[in-house]
Amino acid sequence: MALLEINNLHASIEDKEILKGLSLSVNAGEVHAIMGPNGSGKSTLSYVLSGKPDYEVTEGTATLDGVDLLELEADARAAAGLFLAFQYPVEVPGVATMTFLRTALNAQRRARGEDELSTPDFLRIVKEKAAHLGISQDMLRRGVNVGFSGGEKKRNEILQMALLEPKVAILDETDSGLDIDALKIVSEGVNSLRSKDRAMVVITHYQRLLDHIVPDFVHVMHKGRIVRSGGKELALELEASGYAAYGQDAA
Amino acid sequence: MPAVQETVDQVRSLDVDQYKYGFVTDIESEKAPKGLSEDTVRYISAKKNEPEWMLEWRLDAYRRWLTMEEPTWARVSYPKIDFQDYYYYAQPKKRPQSLDEIDPEILATYDKLGIPLREREALLGIENPSRPIAVDAVFDSVSVATTFKAELAKQGVIFCSISEAIREHPELVKQYLGSVVPVSDNFYATLNTAVFSDGSFVYIPKGVRCPMELSTYFRINERNTGQFERTLIIADEGAYVSYLEGCTAPQRDENQLHAAVVELVALKDAEIKYSTVQNWYPGDKDGKGGIYNFVTKRGDCRGDNSKISWTQVETGSAITWKYPSCILRGDNSQGEFYSIAISNGFQQVDSGTKMIHLGKNTSSRIISKGIAAGRSENTYRGQVTAHRRATNSRNFTNCDSLLIGDKCGAHTVPYIEAKNSSAVFEHEATTSKISEDQLFYCLQRGLSPEEAVALIVNGFVKDVLQQLPMEFAVEAQKLISVSLEGSVG
Amino acid sequence: MNVVTQIRTAAEQALGIAVEQRTAAAEAGRIGELRRAAATAFAANGLPHRRVEEWKYTDLRALQREAAPLAGTPDAAAVAAASADVMSIEGAPRILFVNGTLVGSASDLALGAGITVEPLDAALRGPLADRVGALAPQRYDGPLALNTVFLGSGLVVRVAAGAKIETPLHIANVFTGAAASTYGRVVLVVEEGAEVTLVESFQGPDGVAYQTNSALELFVGDEAHADYIRVQEEGDAALHLATLMTEIGRNAQLHTFSFTSGAKASRISLYGRFGGQHSQAGLNGVNLLKNKQHADVTLLLDHAVPHCESRELFKSVLADESHGVFQGKIVVHPDAQKTDGRMMSRALLLGETAEMDNKPELEIFADDVQCGHGATVGDLDETLLFYLKARGIPQKEAEALLVQAFVGEALELLENETLREFLIARAAAWLVRRAG
């Protein structure tokens, strides 16, 4: 069984079905890109997998390393090794980024039966990883994402991923709102986290991001399903032809 | 700053004597004997040829009223009212059978007020003839004439005086009258129930979108007559109606009592929009005379997905005691209250709203703009309550007050009660003076002080003005300028 | 006009008898006058109830079913028990009251230069006697009337002109033993240019229906700077009634912080008045309530003079079936031009049947002012909760983090770091207790 195994997934929000039988297998060590026109259900997939309330799964399965994700609360999914880099990371005023990171890391370690990190160890690790991503100490002291620029928010997401070391990371439109320099920093951060034990699912509308985070597989999503799969050349093809072909049922 | 002094001087030189509508129509009228007793109630009921059940209802109210006390919680003060010193019923002696027979004096009065009573005039007086206004004019206590009745009847819309409705549509009246404002709701409402003289009745049948704005114009004319209108509007399932109410009263030295009751019922998917422009005589520059206006207005969003919206522009009356409210009973129902309350001279305004959230997913919105000038007192008093089972209720309240001059007062008294954890209520209120910077900026650009203030105040109340139907918005804007005349530099 | 037949509750009758007994003997001097006037007022008005506007949401007739007997002088065992449990603040000298009685042996009464403390009964014979009762509001206040009738134990603290007292002074009130009532009063006189921080704490055992009635009179002199922090962690069956009265002089600063997590029912009535120009007041607080707790904060702030600034921020966290009340009234007098007042109450409803009643009022008679108030009620933001959970933080912990952030906004206003950390820790402990 693949590390992330999604089978015939149907999900709806407010009785409107968005995912209509989506299947996907992602093995450890692989990077998969999911592309598709607006409204095809890409973000819904990321929310359904991570357990956002209001989304209802009506059919199908999703497992991570054999664990049934759909049975778990959002925090338990995270502890099981699922990480979602949000398209729009929320601001959490009053909760210092540092406190947030430590609480999250220790909660996950506890859930996995590991010891909590000592404060000096934690501080050392955060400082090191933050430095790589150009995140200042001042940002770490501020409330989570409060007053961060778009690029800073995305970098903060990657910092969290680096710290929490998930088995499967889903990056939802991580390139949106980034200029080219910010995109490079974020992509380098992501690439440094690629490993044989980890899988990544990169959701994007544009091929641009895939120049920096080169996928092993590319899938096209349309109307709640994967309608086409291929290698990284598929992304280039889409770049050339656009999603026009998916604008109609005929696709 | 010099501008402050200037403002103060202007307030001192305030001249509210120039009440534009202060003329008296000289016609004979028929009055009930002075004072209030069971006999007065019987007299009124008999005059109106009411059925027995209506008389009994009135008498019941009168007996309850005798046991009640005048409320004292509002921030208004006035000499004790002698309820025996009023006439409770007056009607013009010549009763018109058709528009042509209407006393020319009355028509002339309305002309001065700019009310297009005659259909032809009504059509001419409106910019967009495709949206004519039907006017039910209340002259003192009797509804003089109702225009457009025939055309409305085609749609099944009933628009007539409440007296007529009691005679012609007793089943509807019995079902709904007093169902929103119960007989013993409050001192003034109970008094109204006992002695109400006339008012409007509207019924919009299922699924009908009323083809025109309905309008009524109240006018208090007869010396020392209390006026007690009773209005009942019912929007049946899926119906829509927009109703406009305007009031002017001639200048009188004695304080005149006015205690109206307005009941709105919106059934499933129905919507009622009720707009008021009130510019009754506010009293003279020494605070003498003026209308006492104690009004009970309440809407019941009885059905799911129903909506009731109150918009009011209050510029007149010596005392205003008025809280148009919404009971959000149906699931997903919505209530709105948009208010401009301007007080000048010695006026006292205590007005606001109640939003009572009972159903699920109900929402309410309150925008209140109070402007106090002269020696007036202007109070916003509001209540927003989410009951235990009212899950996901939402309220947004914004009430701003503007003070012009340093002899007036502006007060904000909101009650915000959440008894359900899923309620989300936001309330914000501010009080400030007209910005000297804004004034200076306008003056520097060549506006006169008066124009500048009118401009700034109109900007201040813009959010509410936008809620008024076009025909009213223009009048309201003029009224605002007139009301503040002489109050500012 | 309104002839209302006074129906006395059992508690009112019992209190009425106690009031009569206390004032039976002729008592000379100012305190005798005060006591008699308060007794007369109580006889006429009794306990406030929901028909009294200021007590609309806190019906004392319903909440105070019984009049607990006056607490006696605690014995050695009681003092020992109280001393063992009492909270302490790092570096702060502490004065201990047990069941309303000053325990000199367990108190730091010698406080160094610039600050003196004197038991209230002694002070009533001294030069500061006329300060007692001087700040009482014009209108009838039931708990204050009772506090005045039973006035006896308490403390008068005087900070001499120009004295800057660095370490906070802590007055700890501990209740122990069987249900009884205590009446305490603190008079704090901060003279011209002086600075001081006073902390008052209230503690007692769970399950005992004791009653605390506390009053504070705080004189903030010209150019003075006073901080007052109260920590109310009474036992879960207690009734806590507090009246805080303050007058702020010219160019002065007052900051108060009220931390409430205790008592079955509590009410703080705060009466503040600006008596001198160019002064500032910050009146803030946090209420953490659970089960069926009821806590009412009612404040009346009088801007009687121009050029003063006031800020209020109250945060309420309401779990289970608890009930929070905030009533705040800013009054700006006709001549108080250039007043700047902002008041905010925010409530977080965690319990499905928790209730919050807000009544923020503005009463403004001067035109050149900037005043505003706001009130919000809501539950935890689902989006934020999901974000935290998506990072692996379990529900309870995520809630606790968000609640802490919510109350943090108010706690951060405390300037004194020791006290800030002290209260942040008390809030965190409350969250742990609630989760556990």
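Points to keep in mind about this one:
- Among residues of the stretch C:18-29, those that are assigned to a loop (DSSP other than H, G, I, E, B) and surrounded by 11 or more Cβ atoms within 10 Å (Cβ to Cβ), counted: 2
- Verdict on C:Ala163 being under 19 Å from C:Ala237 (Cα atoms), out of contact with any His (no Cβ under 8 Å at 6 or more places or on another chain) and without any contact (Cβ under 8 Å) to a residue 60 or more places away in the chain: no
- Selection within the stretch B:42-85 - charged (D, E, K, R) and surrounded by 13 or more Cβ atoms within 10 Å (Cβ to Cβ): B:Arg42, B:Lys47, B:Lys48, B:Glu50, B:Arg58, B:Asp60, B:Arg63, B:Arg64, B:Glu70, B:Arg75, B:Asp85
- Reported count of residues in the stretch C:365-390, each being farther than 14 Å from C:Leu349 by Cβ and within 14 Å of chain A (Cβ to nearest Cβ), is 8.
- Selection status of A:Glu157, assigned to a helix (DSSP H, G or I), acidic (Asp, Glu) and over 30 Å from A:Lys16 (Cβ atoms): no
- Hits in the stretch B:316-359 - residues which are of a type in the set (D, E, K, R) and under 12 Å from the mean Cα position of the chain (by Cα): B:Lys322
- Selection over the stretch B:285-310 of residues that are under 22 Å from B:Pro79 (Cα atoms), hydrophobic (A, V, I, L, M, F, W, C) and under 11 Å from the mean Cα position of the chain (by Cα) gives a count of 2.
- Residues in the stretch C:30-70 that are free of Cβ contacts under 8 Å to residues at least 24 places away in the same chain, among the hydrophobic types (A, V, I, L, M, F, W, C) and part of a loop (DSSP other than H, G, I, E, B): C:Val52 alone.
- Residue satisfying condition, being more than 18 Å from A:Pro166 (Cβ to Cβ), surrounded by 23 or more Cβ atoms within 10 Å (Cβ to Cβ) and not aromatic (Phe, Trp, Tyr), within set A:Val202, A:Val218, A:Val214: A:Val218
- Matching option when the condition is within 23 Å of B:Ala90 (Cα to Cα) and within 17 Å of the chain's Cα centre (by Cα), among B:Val262, B:Val313: B:Val262
- For B:Leu402, the criteria (1) more than 24 Å from C:Cys371 (Cβ to Cβ); (2) buried (at least 23 other Cβ atoms within 10 Å of the Cβ) hold in every case but one, which is (1).
- Single residue of A:Leu49, A:Leu69 found to be touching a Gly at 6+ places or on another chain (Cβ under 9 Å), crowded, with 18+ Cβ neighbours inside 10 Å and either at pLDDT 90 or above or within 14 Å of chain C (Cβ to nearest Cβ) (or both): A:Leu69
- Those strands (runs of 3 or more DSSP E) of the stretch B:198-265 in which 2 or more residues are among the hydroxyl-bearing types (Ser, Thr, Tyr) and modelled with pLDDT of 90 or more occupy B:240-248.
- Strands (runs of 3 or more DSSP E) enclosed by the stretch A:164-249 - at least 1 residues per element that are aromatic (Phe, Trp, Tyr) and modelled with pLDDT of 90 or more: A:217-222
- Listed by position, the strands (runs of 3 or more DSSP E) contained in the stretch C:327-417 that have at least 3 residues being at pLDDT below 95 and surrounded by fewer than 20 Cβ atoms within 10 Å (Cβ to Cβ) are C:370-378.
- Those residues of the stretch C:286-324 which are in contact with a Leu (Cβ under 6 Å, 6 or more places away or on another chain) and under 27 Å from B:Ser422 (Cβ atoms), in sequence order: C:Leu289, C:Ala295, C:Glu312, C:Val317, C:Leu318, C:Ala319, C:Ser322, C:Gly324
- All positions within the stretch C:228-263 that are small (Gly, Ala, Ser) and closer than 17 Å to C:Ser316 by Cα: C:Ser258, C:Ser261, C:Gly262, C:Ala263
- Some residue of the stretch B:422-441 being closer than 21 Å to B:Ser376 by Cβ, surrounded by 19 or more Cβ atoms within 10 Å (Cβ to Cβ) and of a type in the set (Ser, Thr, Tyr): yes
- Verdict on C:Thr40 being more than 20 Å from C:Arg267 (Cβ to Cβ), in contact with a strand residue (DSSP E or B) (Cβ under 6 Å, 6 or more places away or on another chain) and of a type in the set (Val, Ile, Thr): no
- Some residue of the stretch B:421-436 being modelled with pLDDT under 75 and not small (Gly, Ala, Ser): yes
- Restricting attention to the stretch C:166-175, the residues that are touching a helix residue (DSSP H, G or I) at 6+ places or on another chain (Cβ under 8 Å) and surrounded by fewer than 23 Cβ atoms within 10 Å (Cβ to Cβ) add up to 1.
- Identification of strands (runs of 3 or more DSSP E) wholly contained in the stretch B:363-459 with 1 or more residues that are within 27 Å of the chain's Cα centre (by Cα) and more than 13 Å from chain C (Cβ to nearest Cβ) yields B:363-372.
- Among the conditions (1) farther than 22 Å from C:Leu96 by Cβ; (2) out of contact with any Leu (no Cβ under 6 Å at 6 or more places or on another chain); (3) touching a residue at least 60 places away in the same chain (Cβ under 8 Å), C:Gly177 misses just one, which is (1).
The values are calculated or read from the model by the stated rules, or taken from the named source; none is laboratory data. As the structure is a computational prediction, the values presented were derived from the model and not from experiment. Here the Cβ is made from the backbone with ideal geometry for all residues, glycine too, and neighbour counts use every protein chain on show.
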